[in-house]
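Q: Provided herewith is a single structure, encoded as structure tokens, for subsequent inquiry.
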Amino acid sequence: MYLSLALSLGDFTVKLAVCIKRVPDMEGRFKIAPSGTGIDEAGLKYDMSDFDGYAAEVAIQITEKLGAGEVTVISIGPDVVQETLRKALSMGAHRAVQLKHDAPVSDGLAIATALAAELKDGGYDLVLCGRMAVDTQNRSTGAFVAELLGVPLISAISQLNVEGGVVKARRELEGAYELVECPLPAVVTIDEGIARARYPSLKGIMAAKKKPLEVKPAQLGAITYSLDKMELPAERAAGRIIGEGKDAVPELVRLLKEEAKVL
Amino acid sequence: MTNILAFSETRLGELRRAGLETVTAARQVADATGGQVHAVLAGAPGVAQHAARLAAHGADVVLVLEHEAFANYNPEALAATLAARLGSGYRAAFFAASALGHDLVARVAAKMRLAYASDVTEFVFQGDTVAVAHPGYTNKIVQRFTLKATPALLSLRAGAVLPMESPKAGAVEAIASAIDPTAVRVKVTLTEKAAGGKIDLGEAPVIIAGGRGLKEAANFKLVEDLAAAFGNAAVGATRAVTDDGWRPHSDQIGQTGRLVSPDLYVACGISGAIQHLAGMRTSKTIVAINKDKEAPIFKAADYGIVGDVLDVLPVLTEAVKQAKAGA
Ligand SMILES: Cc1cc2nc3c(=O)[nH]c(=O)nc-3n(C[C@H](O)[C@H](O)[C@H](O)COP(=O)(O)OP(=O)(O)OC[C@H]3O[C@@H](n4cnc5c(N)ncnc54)[C@H](O)[C@@H]3O)c2cc1C
Ligand SMILES: Nc1ncnc2c1ncn2[C@@H]1O[C@H](COP(=O)(O)O)[C@@H](O)[C@H]1O
């Protein structure tokens, strides 16, 4: 178990917030929209960004283990994000907030400004974001939110332990890891490995219908940068099968030496 | 404001290859636009010993921050120091697109209220702006942005710029932390090399990766043997394998694992799921060994062998050993 908890119960209720982005399913092939700055959305399925799903799962597990506490899920976007928020509610989150904004935004600071405005007076002990949104891959929102809220940040964590008002986390480095701690309240961004998002149960789906989902306008910050263009990466030339079984090894070694020059 | 700052990453007192890549990138820009390269080295006392290598790679000045409180990564003190330094006037700052680099650049950007571009694969400085290519959608789409703010903050994907020597003076200048580095909220209490992998995936020119086709954890020995035969290789894995606990999570390559771009990637018993390809398709040469000739990995591979990995790997390991001995 990667998530352990020893929150001293009793005098307080833990309040958790999870920032969730709705993104297209990454399985499919993408086409660039005629504008050149977006993807063609036709036929795409949408769901919460992978890391945000893990973040929601972590927050829900915390309240389940405590038998107390409240998880609020927040998403910025047009009304379709309500579907994503409902999914988080059906996983076990308690309430949802849509910060309504219809146009797509890729600016992390503008997004974080709206999230921070909503989080500021919420009395949250812990705010969870994904390590990155799998579409924009900006990796910046969590840090901007922490800075705007004036609370400490631990990013890209793969293990979490909350103990006596202190967050203890593990971060995976390239070929190494580090252990990090900071006091609550705090922002953490969630990496893989910590918890897999559960599939909502039928009971959860029914329960979610009755849970509160509030809609407010998003108070986005100024846009500081913009997307000029999207492109599909250059296709690799199709490879070739050079042979079968171990008999193909000499030819492979020759190609690696002479053609690819990597040996 | 033409000077370029390069953050040179160290870990446990050692300079990382990524720390030379940022200096090389900064040198390229400074050579084109004028100005100096200022490299930042932070760590426990003694870290200044790496200044000479930064100078050799093009640092005009090496700003050294030495203090016991930087023996481990000290995110808040480092971010405050860099934000203060950058505020005094720089054209741009390069960080590595690594676990540390991403954490640090985001904190600096947040302090300065500046957008930044992460995991950049291309950058072009034009007048006051910087045009960058930044992969998105699990690397299936290239997003092109223009950063208009000064300083432009970028994290550079491993391998986007290769370390290159370009000797400069590298005058060492000691700098102090902008805040008391012992009075920070976020503390790294331990940094430790993960068990197993000796060469880091992000730095290895060769990666031998294994999937479920290896059948059981013990057979990863064959993958490790091949890596050892190359000498400069790291071992990677698919999520199927890390999920089953055959390999640590830190070895996972793909959409939700590491993004790698080695010179050579050997995929052993890996099907080539889109999420795996997302992490390695930019490798320069890809070899696939899979018993199913319809496996999607063959579409991504330059060279394929259809066969049982358990048979092929020992023979390949021997052949590589011989080739290395002959070379
Ligand atoms: C949201 C999400 C994120 C994901 N992120 C990642 C990620 O980051 N990285 C990742 O790798 N996966 C990821 N996955 C999982 C991915 O979809 C695949 O399930 C996984 O990559 C498959 O691993 P595999 O190739 O080892 O196993 P399999 O798909 O089971 O393939 C095994 C292959 O081995 C071959 N084989 C079997 N026996 C032999 C033999 N004796 N000799 C030779 N070949 C043999 C088979 O033909 C087959 O092609 C993700 C999935 C999801 C849904
Ligand atoms: N539109 C959004 N609504 C809610 N949360 C978001 C939104 N965009 C980004 N986030 C949060 O910020 C994280 C990092 O996103 P990014 O900085 O874009 O990679 C995501 O994993 C989410 O937790």
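Q: Hey, could you grab the Kirkwood Rh for segment B:211-290? Inverse mean 1/r over distinct alpha carbon pairs, Å, one decimal.
A: 12.4 Å
Q: What are the equivalent ellipsoid semi-axes of chain A, built from the alpha-carbon gyration tensor (square roots of five times its eigenvalues), in whole angstrom, biggest first?
A: Semi-axes from the Cα gyration tensor: 37, 25, 19 Å.
Q: Give the span of the protein assembly as shown's Cα atoms along each principal axis, as three whole-Å numbers ordered largest to smallest.
A: Result for the protein assembly as shown: principal-axis Cα extents of 70, 62, 51 Å.
Q: Once R0 is set to 30 Å, what does the formula 1/(1 + (r/R0)^6) return for the Cβ-Cβ distance between B:LYS284 and B:LYS324, expressed as a FRET efficiency to the nearest 0.05?
A: Working from the Cβ atoms, E equals 0.95.
Q: Just to confirm the filter: which trypsin sites (Lys or Arg not before Pro) across segment B:200-295 are DSSP coil and have at most 16 other Cβ within 10 angstrom of their Cβ?
A: B:LYS215, B:LYS284, B:LYS293
Q: While we're here: In chain A, once you exclude exposed GluC sites (Glu not before Pro) (DSSP loop, at most 15 other Cβ within 10 angstrom), what's the longest stretch remaining?
A: The answer is A:42-234.
Q: For chain B, take the longest principal axis of its alpha carbons; what is the angle in degrees between that and the long axis of helix B:220-230, to the nearest 10 within 0 to 90?
A: 60 degrees
Q: Using θ = phi - 60° and the Karplus curve 6.51 cos²θ - 1.76 cosθ + 1.60, what whole-Hz ³J(HN,Hα) does each residue of segment B:26-40 get, with Gly and Pro shown as x?
A: 4, 4, 4, 5, 4, 5, 7, 10, x, x, 10, 9, 10, 9, 10
Q: For segment B:110-142, which residues drop by 40 square angstrom or more in accessible area between the chain on its own and all protein chains together (1.4 Å probe)?
A: B:ALA110, B:ARG113, B:ALA115, B:TYR116, B:TYR137, B:THR138, B:LYS140, B:ILE141, B:VAL142
Q: Can you give the accessible area per residue of the protein assembly as shown, in Å², using a 1.4 Å probe?
A: 39 Å²
Q: Leaving out ligands, DNA and RNA, what percent of the accessible area of segment B:3-174 is carbon and sulfur, probe 1.4 Å?
A: After summing per-atom areas, the C and S share lands at 52 percent.
Q: Can I ask one more? Please give the helix B:75-87 orientation as an angle from the longest Cα principal axis of chain B, in degrees from 0 to 90, rounded to the nearest 10.
A: It works out to around 50 degrees.
Q: Right, next: Could you compute how fast segment B:3-174 diffuses translationally, taking Rh as the Kirkwood radius over C-alpha pairs and applying Stokes-Einstein at 10 °C with viscosity 1.306 mPa s? Give it in µm² per second.
A: 102 µm²/s
Q: Separate question: Tally Lys/Arg at +1 and Asp/Glu at -1 over every other residue whose Cβ is under 10 Å from the Cβ of B:THR256; what's the total?
A: 0
Q: Give me the percent relative contact order of segment A:3-217, please, defined on Cα pairs under 8 angstrom at least 6 residues apart.
A: 27 percent
Q: A follow-up question, please. Roughly to the nearest percent, how much of the accessible area of chain A is carbon and sulfur, given a 1.4 Å probe?
A: 53 percent
Q: To continue, here is another question. By per-residue mean of other Cβ atoms within 10 Å, what is the highest-first order of B:317-324, B:272-279?
A: B:272-279, B:317-324
Q: In segment B:121-148, which residues have a backbone nitrogen under 15 Å from the label point lying 7 Å from B:THR2's Cα in the Cα-to-Cβ direction?
A: B:125-129
Q: Karplus couplings for segment A:213-226 from phi (6.51 cos²θ - 1.76 cosθ + 1.60, θ = phi - 60°), rounded to Hz, Gly and Pro as x?
A: Per-residue couplings from phi come out as 10, 9, 10, 9, x, 7, 9, 5, x, 4, 7, 9, 8, 9 Hz.
Q: Calculate the mean, over all residues of peptide B:250-261, of how many other protein chain Cβ atoms lie within 10 angstrom of the residue's Cβ.
A: Partner Cβ neighbours, averaged per residue: 3.
Q: Let me ask something else about it. Can you work out the FRET efficiency for the pair B:ASP244 and A:ALA222, with r the C-beta to C-beta distance and R0 = 51 Å, to the nearest 0.05?
A: 0.60
Q: Next up: In square angstrom and rounded to 100, what buried accessible area do you get between chains B and A, total over both, with the probe at 1.4 Å?
A: Buried area (both sides, nearest 100 Å²): 7000 Å².
Q: Set the Förster distance to 45 Å, then compute FRET efficiency between B:ASP311 and A:GLU27 from the Cβ-Cβ distance, nearest 0.05.
A: 0.85
Q: Can I ask one more? Can you tell me which of B:ALA97, B:ALA149, B:ALA194 moves the most in a GNM of chain B? Springs connect C-alpha atoms under 10 Å apart.
A: Maximum among the listed residues: B:ALA194.
Q: Across peptide A:155-163, what mean number of C-beta atoms from other chains lies inside 10 Å of a residue's C-beta?
A: Average neighbour count from other chains, rounded to a whole number: 2.
Q: Picking from A:ILE242, A:ILE39, B:HIS50, whose Cα lies most toward the positive end of the charge dipole for the protein assembly as shown (charges on Cβ: Lys, Arg +1; Asp, Glu -1)?
A: Of A:ILE242, A:ILE39, B:HIS50, it is A:ILE39.
Q: As a test of the definition: which semi-axes, in Å, follow for segment B:97-230 when you take the square root of five times each eigenvalue of its alpha carbon gyration tensor? Largest first, please.
A: In descending order the semi-axes read 34, 23, 18 Å.
Q: Ignoring ligands, DNA and RNA, please state the percent of accessible area on segment B:252-306 from carbon and sulfur, probe 1.4 Å.
A: Carbon and sulfur together cover 54 percent of it.
Q: Sorted by accessible area with a 1.4 angstrom probe, largest first, how do A:ARG240, A:ARG86 fall?
A: Ranked from most to least accessible, the order is A:ARG240, A:ARG86.
Q: Next up: Once you wrap a convex hull around the alpha carbon atoms of segment B:245-326, what is its projected area averaged over all directions, in nm²?
A: Result: 5.9 nm².
Q: Could you give the distance between the Cα centres of segment B:62-134 and segment A:96-165, to the whole Å?
A: 20 Å
Q: Here's another thing I want to ask about it. Please check: in the Gaussian network model of chain A (C-alpha springs, under 10 Å), which one of A:THR63, A:THR141, A:THR13 has the largest mean-square fluctuation.
A: Ranking A:THR63, A:THR141, A:THR13 by mean-square fluctuation puts A:THR13 first.
Q: Using amide H atoms built 1.01 Å from N in the peptide plane, name the residues 5+ places from B:VAL40, or on other chains, whose amide H lies under 5 Å from its own.
A: Long-range HN contacts for B:VAL40: B:ALA6, B:PHE7, B:SER8, B:LEU63.
Q: Along each principal axis of its Cα atoms, how long is chain B end to end? Whole angstroms, biggest number first, please.
A: Projected onto the principal axes, the Cα atoms of chain B cover 60, 42, 40 Å.
Q: If you don't mind, there's one more thing I want to ask. Note down the accessible area of B:THR189, probe 1.4 Å, to the nearest 10 Å².
A: Near enough 80 Å² of accessible area.
Q: Pick out which of B:GLY35, B:GLY46, B:GLY19 has the largest mean-square fluctuation in a Gaussian network model of chain B, springs linking Cα atoms closer than 10 Å.
A: B:GLY46
The values are calculated or read from the model by the stated rules, or taken from the named source; none is laboratory data. Note that this is a predicted model, so its numbers are computed, not measured. Neighbour counts are summed over all protein chains in view; Cβ atoms, including those assigned to glycine, are modelled from backbone coordinates with ideal geometry. When the accessible area is computed, the model is the full protein with side chains, heavy atoms only, and any ligands, DNA or RNA have been set aside. Shrake-Rupley method; radii C 1.70, N 1.55, O 1.52, S 1.80 Å.
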